[in-house]
Amino acid sequence: LNIDIIDNLDNAFHILEEKVNKDIIVTLEDRGCAYKNNGKVEIIPTFKTSVLDTTGAGDIFHASFVYGLINKWDMNRILKFSNICATISVSKFGGFNSIPNLIDVERVYNESK
């Protein structure tokens with residue numbers, strides 16, 4: 001990511017923090033996502049894949065995010081897991097067919113450590 005994007009993210013987080021008193025996560029499409037961790041904007045990068053269809057990728061990211069919250073994972077783990085789910089989803093065609101299998105997601109997650 002270039003410096004302009006980081007500066008813009010810092011700006012966006014500052015504006016949003018004035019309006020809400022919650023954690024803020026910004027999705028960055030094929031760049032991953034960003035959140036503020038200990039006062040600093042942190043980018044959680046996505047994983048490279050061949051993109052076939054982006055239908056449902058955002059929904060899958062959000063569902064994965066909720067799954068991580070339910071399991072009481074830390075934010076870094078939730079966002080990495082969600083990025084993996086969304087990345088797997090765009091490598092398949094169609095909304096329903098692109099829902100990743102938990103075993104595949106966990107394999108990719110463990111291989112990326």
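Put simply, of Thr54, Thr27 the only residue that is surrounded by 14 or more Cβ atoms within 10 Å (Cβ to Cβ) and either under 16 Å from the mean Cα position of the chain (by Cα) or on the phi > 0 side of the Ramachandran plot (or both) is Thr27.
Val66 - would you say it is buried (at least 17 other Cβ atoms within 10 Å of the Cβ), without any contact (Cβ under 8 Å) to a residue 60 or more places away in the chain and within 22 Å of Ile103 (Cβ to Cβ)? Answer is no for this residue. Looking across segment 30-51, just one residue is of a type in the set (Gly, Ala, Ser), surrounded by fewer than 13 Cβ atoms within 10 Å (Cβ to Cβ) and at pLDDT 85 or above, and that is Ser50. Give the residues of segment 11-24 that are open to solvent by less than 90 Å² (accessible area, probe 1.4 Å), under 19 Å from Ile78 (Cβ atoms) and not β-branched (Val, Ile, Thr), sorted by residue number. Across segment 11-24, the qualifying residues are Phe13, Leu16. Take Ile103 and tell me if it is open to solvent by 20 Å² or more (accessible area, probe 1.4 Å), among the hydrophobic types (A, V, I, L, M, F, W, C) and in contact with a helix residue (DSSP H, G or I) (Cβ under 9 Å, 6 or more places away or on another chain). So Ile103 fails the test. Tallying residues that are in contact (Cβ under 8 Å) with a residue 24 or more places away in the chain and more than 16 Å from Ala57 (Cα to Cα) within segment 98-113 yields 3.
Scanning segment 65-95 for residues that are in contact with a helix residue (DSSP H, G or I) (Cβ under 7 Å, 6 or more places away or on another chain), more than 16 Å from Tyr35 (Cα to Cα) and not β-branched (Val, Ile, Thr) returns Cys85, Ala86, Ser89.
The values are calculated or read from the model by the stated rules, or taken from the named source; none is laboratory data. All values reported here derive from a predicted model rather than from experimental measurement. Neighbour counts run over all protein chains shown; Cβ positions are idealised from the backbone, glycine included. Surface areas here come from the heavy atoms of the whole protein model, side chains and all, with no ligands, DNA or RNA. Shrake-Rupley method; radii C 1.70, N 1.55, O 1.52, S 1.80 Å.
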